[in-house]
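Let me begin by presenting the structure, written as structure tokens, before commenting on it.
Nothing in this text is a laboratory measurement; each read-out follows from the coordinates by a stated rule. What you are looking at is a predicted structure, and each value in this text was computed from that prediction instead of being measured. Here Cβ is always computed from backbone atoms with ideal geometry, including for glycine, and neighbour counts include all displayed protein chains.
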Amino acid sequence: MNIEKVAVIGASGYSGEELVRLLTRHPQVELVALTSRQAAGQPLANVYPKFAGTRYSALKFVDSTVEAVTASGARFVFLALPHGVATEFAKPLVAGGLRVLDLSADFRIKDPVIYEEFYGEKHHAPELAATSVYGLPEIHRAKIRDAQLVACPGCYPTSVLIPLVPLLQRGLVKPHTIVVSSLSGLSGAGRNAKTDYLFAECNESVRAYSVPKHRHLSEIEQELSDAAREKVTINFTPHLIPVNRGIHTTIYCAPAEGIEAWHIENAYRETYGAEPFVRLLTDGALPDTKNVTFTNFIDIAWRHDTRTGRLVLLSAEDNLVKGAAGQAVQCLNAMCGWSETTGLL
């Protein structure tokens, strides 16, 4: 059994903490470095008491520098950093031959013009973005295996792309009719002290935000366009709901001419029938976030509304696991040639 040395840069955010939770129990990973500017010098168990008594409880956080990570001997590095910051680390790490899994948006968008439009700044490493692999294993597994830089998808995009990509690839739906509504737990906003995300502001409340142009729309449309082999533009409205974890997404679209419900089911079974983390719900079941939290599963259901003639596609996932850290670990497993379920089931 081969053991790989792994580092996490930015281990003090929600996604970073989730990466630590998953990696500490991964049987083929040796966690050699955790970085955090705020927690540097402190043992893991001091920062996160939940890890007291685990094999890495005494591992001390180090300052977030490329030199510290390189000195640790890590061969694989997770970047759990804000967009714009990840580039500063990815460039020298990739140049040094390390394999990098980035959980930020820095390398998801291939077109630097679109990146600037959605993120409000020029891309600092467009040449790396051009060679990165979009880290959705169910769609890009073959490329992920050999990648040096994996751009792990955002949480909302995962919940939208997994239901839609197989249908667009087969021409089963009309791309211009797609409308998406998503609801996310508050951890999706990150570990910020912004007033809008305080418990007292969000409890007993549901609200839309970033309407009509959420940043994740850029990668959603990029990947949908690749699947459809034509430019796809959609309506996407995200909402915050007063739970810690989970995303529920509802997608409305019109089927192509002559397409019936059994075509949709066949497409899903052909694409995802053997996938370990995609659960296709049948017998009237519908996705429910309580069934996926703290797991790497994404649950999918679909209905044909004969009254309106439209399709209704539904998904649920944990935004911090399948929508972030778990998916990144799934990519690591693919890159190392391990079973993709290792450390995740």
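Worth pointing out:
- Looking at the chain alone, DSSP beta bridges between its own residues are antiparallel in about 45 percent of cases.
- Ranked by how many other beta carbons lie within 10 Å on average, peptides 219-231, 97-109, 51-63 from highest: 97-109, 219-231, 51-63
- Listed by chain and number, the aspartates and glutamates whose C-alpha is less than 15 Å from the C-alpha of Lys91, apart from same-chain residues fewer than 8 away, are Glu67, Asp102, Asp106, Glu127.
- Dimensionless Rg ratio for segment 193-345, taking C-alpha atoms and the 2.2 N^0.38 Å reference: 1.16
- Taking the inverse of the mean reciprocal distance over all distinct Cα pairs, the Kirkwood hydrodynamic radius of segment 191-267 comes to 15.6 Å.
- Under Karplus coefficients 6.51, -1.76 and 1.60, residue-wise ³J(HN,Hα) of segment 321-327 in Hz, glycine/proline x: 10, 4, x, 7, 5, x, 5
- Packing-based ranking, highest mean first, of 254-264, 235-245, 310-320 given that Cβ atoms within 10 Å are counted: 310-320, 235-245, 254-264
- Across segment 4-131, the relative contact order, built from alpha-carbon pairs under 8 Å that are at least six residues apart, equals 22 percent.
- Note on Lys290: lysines with a C-alpha under 30 Å away, same-chain residues under 8 apart excluded, are Lys50, Lys194, Lys213, Lys322.
- Derived scalar couplings between HN and Hα for segment 332-340 equal 4, 4, 5, 5, 8, x, 8, 4, 5 Hz in order, rounded to whole Hz, by the Karplus curve 6.51 cos²θ - 1.76 cosθ + 1.60 (θ = phi - 60°), x for Gly and Pro.
- Volume per residue of the C-alpha convex hull in segment 4-131, rounded to whole Å³: 100 Å³
- Pairs of alpha carbons in the chain whose separation is greater than 26 Å (percent): 48 percent
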